[in-house]
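**Q** Attaching a single structure in structure tokens format; questions to follow.
The values are calculated or read from the model by the stated rules, or taken from the named source; none is laboratory data. Just so it is clear, the structure is predicted and the values come from calculations on it, not from any experiment. Because the Cβ atoms are built from the backbone with ideal geometry, glycine has one as well, and the counts that use them run over all protein chains shown.
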Amino acid sequence: METEERLKHILDGLGQLAEDTSVPRNIRRGALNARELLLKKENALDVRAASAIFILDELANDPNIPLHGRTLIWNVISQLETVK
């Protein structure tokens, strides 16, 4: 899978998480923040990916997140690790 295609898939996953009303608001906000970080072209891709992973790792450890939200975050993190 090409880098741009993989990045688009990651952004779609974060958008899906941000729009899921069964997920707490702080998790949705964090997903939007990670998505915005990935879209900033002025930073190198590996820096954007590492920053997004840091945000998502914090979100995955939130005790209020439903299981499907945590699974989606883990999937996005694993995809981001291959982008570096």
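**Q** Note down all Cβ pairs under 7 Å where the first residue falls in segment 31-46 and is free of Cβ contacts under 8 Å to residues at least 40 places away in the same chain and over 9 Å from L14 (Cα atoms), the second is surrounded by 14 or more Cβ atoms within 10 Å (Cβ to Cβ) and among the polar types (S, T, N, Q), and they're at least six residues apart or on different chains.
**A** Partner pairs satisfying both residue conditions: L37/S51.
**Q** A further question on this structure: Checking the structure you have, find out if any residue of segment 70-82 is without any contact (Cβ under 8 Å) to a residue 24 or more places away in the chain and either outside any helix (DSSP H, G or I) or touching a Cys at 6+ places or on another chain (Cβ under 9 Å) (or both).
**A** Our first condition is that a residue be without any contact (Cβ under 8 Å) to a residue 24 or more places away in the chain; within segment 70-82, this holds for 70-71, 74, 78.
Filter once more, so that each one left must be either outside any helix (DSSP H, G or I) or touching a Cys at 6+ places or on another chain (Cβ under 9 Å) (or both): none.
No, that holds for no residue.
**Q** Further question: Restricting attention to segment 27-58, which residues are closer than 15 Å to N75 by Cβ, buried (at least 20 other Cβ atoms within 10 Å of the Cβ) and charged (D, E, K, R)?
**A** The answer is R35, and nothing else.
**Q** So, one more: Among the residues of segment 1-26, what is the count of those that are over 10 Å from the mean Cα position of the chain (by Cα), under 17 Å from P63 (Cα atoms) and in a helix (DSSP H, G or I)?
**A** Qualifying residue count, segment 1-26: 2.
**Q** Same structure again: Looking at (1) modelled with pLDDT of 95 or more; (2) of a type outside the set (K, R); (3) loosely packed, with under 14 Cβ neighbours inside 10 Å, which one does T21 not meet, given that it meets all the others?
**A** (1)
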